[in-house]
Every structure is written in structure tokens, then in C-alpha cells.
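Any read-out appearing in this document is the output of simple, stated calculations on the displayed coordinates, not a laboratory observation. On a predicted model such as this, the values are computed, not experimentally measured, just so you know. Positions of Cβ are generated from backbone atoms using ideal geometry, with glycine treated the same way; all protein chains shown enter the neighbour counts.
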Amino acid sequence: MNDLVLYCKSYRKDFLRLNQLLTSIQAHNKDRIPFYISTPQDQYDDLVKILGSGGYQWVSDESIVSTNQQVPAGIAETKSCSLSQQVIKSEFWRLGLCINYVCLDSDCIFIQDFKKSDFLASDGNPYTVIYQNKEYFQLAVDRGHANAPTNLRLEGERVKAIFNRDGPNYYCPCPPFIWSAKVWESLDQNYLKPRGMTFWDLCTPEHPETLLYLESLLNFQVIPLHPIEQLFRVYYYDWHYFLLRRLGESTAKLKENYLGVIYQSSWDLSLDYGRSQKSIFSRVLKKLKRVGRYLQSWF
């Protein structure tokens, strides 16, 4: 069993982004940490068509789901794509391939060399990305986008309530996440099984997997907490990207503090694979709104 692997759950629409991630890993992975990719079984041929077959190990989403025998057959088809993706990422530990894993999204890009020591502390336990996110919250309020921090705060309160924890809200809303199989197992053994539940029951749009992991770690304390801040610069929205770039931020400068960068696929559609399902009117309207947010960044 590996002490650490890299893992990305992806699907066809993101394969061009995933190829970009793979290229960055091949360039910067100094300790040759194994890289696993999972996709639906029926998308494997497209994956190989775009990425080739080297530089990663593939497992099917279905094989991850089937490792939990308490889960009804076909449960993934009853959930939304985004929710299934959250659960499958969180259940990767059940394959028994690793003790810890760095969970990446397809839109992640490494911009400088990295080693195991960037993710694991000297005692072999993972660092935990955990912070209050005040800088982004304040920036969003300053720029007239207060809905995003409001929604994140509400998520934090709901997940805290599951574990009856008082105190400040903590976040790690964007990858890479450094997850311990021990933490996920502690949630399964100490919370889910006694209630006759599986992670498919607990993880919902109101209870995202990122906060469930953090609160499980804080509650069950099966590993020591080694806190660190975000490893990648995350551009949450296009207005966020436009504003920070206008203020002088660049990839070269990001290397002072970050291992990588994320242009979230929810707003950066340039690497979507396949034909868009949106109407021409919808696509034009989206571009016009983006122009407006770009212009707003100057005021």
C-alpha cells in the first residue's frame, strides 16, 4: 500500500483539462508519486484517445462504488453528476491503494516541482488544508458578490451541526485536498454504520464532502492536525481572475506561494470537450456577462 498517491476523478467533458493536469504532473512530480484517474467505464476509450495510456493508472468509477457492499446497486445513477463525483472521490480510499491521497480536480495545474514532503508531515500524517477563508470572503463582499461567502457560511453551519461542534467555521472549498483514509474510515465506523447510513446518504448539496472530511477529522481525531493554507491559487469566478490579474498577479509570481493554479471549469469553458449543450443565445449571453465583469474589474 502506498503512503501517498495523487488521484483525480474525471469525466468526458473535462478530459482536455485532465490532459493539461497530467502534463503538469509529468513535468513536476519529483518523487514520482503514483497518479490514479477514475472515470466511468464507458468513457475509458475517450480517455485513452486524449491522454494516451501512460503516466497514470486507471480505475473505473464503478469499481470504487462497488467496494462498499452496503450501497445499493446503481445508486450513482440516482444522483446528480456533481454529487456522484463528490461521493466517488471520497470513497476512493476503499480500494486500499493508499493510506493518504491528494485529491485533484481536472482543472488543477501544477506550476512548479512538488514532493511528498509538500503533502505529508515528518510523522507521516498528511497536512490538512484548513482555514477560515476571510480574505476571499472580504474580497467578494467588496466587489458586490456577497452570495458566495454567504452560501459557504451556511454550509459550514449545517455540517458543524451534524457533529455538534461550536466555534468558527473552517473551509477547504477547492482542491487539492490531502485526505487520509483513516479519517474517512473513522466517519464510516463511528457515524455512518451506527446509523445504518452510507456516505451516499450523508453527502448532499447541503453537506459537501470537503466539510464532512474536515469536521470528521476535528471530531474523531484519528490523525493529528497539521494545518496548512491552500496549496493552489484558486480563481473561484471570472471576476476574481480578472481583478487579481489586473492587480499584477501572474503565473510566475504565483510560484512564490503556490504549487499550482485552478481556473475553475464552472466559468472557464475554453477546455470543455465535446459540443456544448447550451443554446447559441445562452452562450452569447454568458460571453456578454463575462465582458461586463471584466470591465467591472477596472472600477
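When the Cα positions of Gly52, Cys98, Thr251 are compared along the charge dipole of the range 5-296, Thr251 comes out farthest toward the positive end, with charges on each C-beta of Lys, Arg, Asp and Glu. Working note: Karplus 6.51/-1.76/1.60 with θ = phi - 60° gives the range 88-98 the couplings 4, 4, 6, 9, 4, 4, 5, 5, x, 8, 7 Hz, where Gly and Pro are set to x. Rounded to the nearest 5, the antiparallel percentage of DSSP beta bridges internal to the chain is 35%. Taking the charge dipole of the range 5-296 about its Cα centre, with +1 at Lys and Arg Cβ atoms and -1 at Asp and Glu Cβ atoms, the residue from Leu231, Thr210, Ala148 reaching farthest to the positive side is Ala148. 3J(HN,Hα) along the range 138-153, derived from phi through the Karplus expression 6.51 cos²θ - 1.76 cosθ + 1.60 where θ = phi - 60°, amounts to 5, 4, 5, 5, 4, 9, x, 10, 6, 4, 4, x, 4, 5, 5, 5 Hz, with x in place of Gly and Pro.
Residues whose amide H comes within less than 5 Å of that of Val59, counting only those at least five positions distant or on another chain, are Ile37, Ser38, Thr39 (H built at 1.01 Å from N in the peptide plane). Near Asn133, no amide H atom lies under 5 Å from its own; only residues 5 or more places off or on other chains count, and H is placed 1.01 Å from N.
Hey, got the dipole for the range 5-296? About the Cα centre, +1 on K and R Cβ, -1 on D and E Cβ, debye to the nearest 20? Mind showing how you got there, number by number?
On the way: 34 positive and 31 negative charges, 189 e Å.
Around 900 debye, computed over the range 5-296.
Rg/Rh for the range 5-296 (Cα atoms only, Rh after Kirkwood) is 0.94.
Computed about its Cα centre, the charge dipole of the range 76-224 is approximately 220 debye, with only Lys, Arg, Asp and Glu carrying charge at their Cβ.
Note on Asn68 and Glu157: the model spin-label points, each 7 Å out from Cα along the C-beta direction, lie 2.8 nm apart. The phi-based Karplus calculation (6.51 cos²θ - 1.76 cosθ + 1.60; θ = phi - 60°) puts the 3J(HN,Hα) values of the range 28-36 at 10, 7, 5, 9, 6, 5, x, 10, 10 Hz, whole numbers, x for Gly and Pro.
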